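Computed from the coordinates by the stated procedures, all read-outs in this text should not be read as laboratory data. This one's a predicted model, so the numbers in the text were calculated from it and none came from an experiment. Here the Cβ is made from the backbone with ideal geometry for all residues, glycine too, and neighbour counts use every protein chain on show.
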Amino acid sequence: MSQLNNKIAIVTGAASGFGEGIAHAYVAQGAKVVVADINGDGARRVADALGASATAFACDVSARQDVDAMVQHCVNTFGVPDIVVNNAGMTHDNQPMLQVDEATFDRVFAINVKSIYYMTNAVLPVLRARGTGGVILNVGSTAGIRPRPGLTWYNASKGAVNLLSKAMAVELGPEKIRVNAICPVMGLTAMFEQFLGMPDTPENRAKFLTTIPLGRSRNPGTSRPRRFSSPAIALNSSPASSSPWTAAEPFDQSTSTGACNEQGTF
Ligand SMILES: NC(=O)c1ccc[n+]([C@@H]2O[C@H](COP(=O)([O-])OP(=O)(O)OC[C@H]3O[C@@H](n4cnc5c(N)ncnc54)[C@H](O)[C@@H]3O)[C@@H](O)[C@H]2O)c1
């Protein structure tokens, strides 16, 4: 049986990379998905490929009115969301910390962190009004646990995402709203070259892979997006899941788990 039959999901940053993989995996599991992204054309491309179970919405997650309008679009089109995936994100290039200008710093925090504040403000009232709980998945990162040099401000933003996920989990648990953070280590997405801070050549990629215990990455766009997205599915269907792909870090014994993967299995 499909694990997400008739569930309604919002996935931000779903025009490419991890978000696109999650949107595909959710629809394959029976969910209806709002494909939200600042790249409206990309969002439409993904939604068109998914058919009637998906709808595209052009949305800058760092703009409160866009987030409010997107959540309203979800309610009007499919209904109150059961699952919200805060996946949209950006990084600065890998470089010495003083070379990152203030505007870039502000943008990283607006997209990676403040967007979750906006989304929470937009979805909590509708989840509470429905009264049957829900799931919020924030895409954090191992960058927020074991930072790499050259990514200082990005690391800090993901540290904030990891921690705010725990804080949200303990506060919203009594309302049956589970909050989890998924912490990937490396995916061959549009962001990868920025993380590397050098051209994505086979040699440079191989060097980077030596820093990952299992020595491998995921390409969510072209290879096994469903497998890549398995934590995003499992964290919806089983709060205590301990599938082989993840080392689960309990955020709260009764309400949440956080999937933190430092081995390179997703
Ligand atoms: N790729 C990795 O190795 C890696 C590792 C750990 C965490 N992450 C996180 O995974 C998430 C997805 O990134 P990805 O690797 O798939 O990269 P990606 O660049 O392919 O996807 C990011 C998506 O977010 C969208 N986006 C950017 N700014 C936005 C905004 N203001 N409003 C709405 N959408 C916006 C982009 O258009 C893009 O479609 C990010 O939060 C990233 O920090 C990635």
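What translational D, rounded to a whole number of µm²/s, comes out for segment 1-137 from Stokes-Einstein when the hydrodynamic radius is the Kirkwood one over Cα pairs, at 20 °C and 1.002 mPa s?
142 µm²/s
Show me the ranking of peptides 146-153, 159-166 by mean Cβ neighbours inside 10 Å, starting with the highest.
Result, highest mean first: 159-166, 146-153.
Sequence neighbours fewer than 8 away in the same chain don't count; with that in mind, list the aspartates and glutamates whose C-alpha is under 17 Å from residue 114.
Cross-link targets: 37, 60, 66, 68, 102, 106.
Restricting things to alpha carbons, find the Rg to Rh ratio for segment 33-74 using the Kirkwood radius for Rh.
Reported Rg/Rh, Kirkwood definition of Rh: 0.97.
Could I have the simple spin-label model distance between residue 106 and residue 190, label points 7 Å from Cα toward Cβ, reported in nm to one decimal?
So the two model labels end up 2.2 nm from each other.
Between residue 209 and residue 99, take the C-beta separation as r, use R0 = 30 Å, and let me know the FRET efficiency to the nearest 0.05.
0.75
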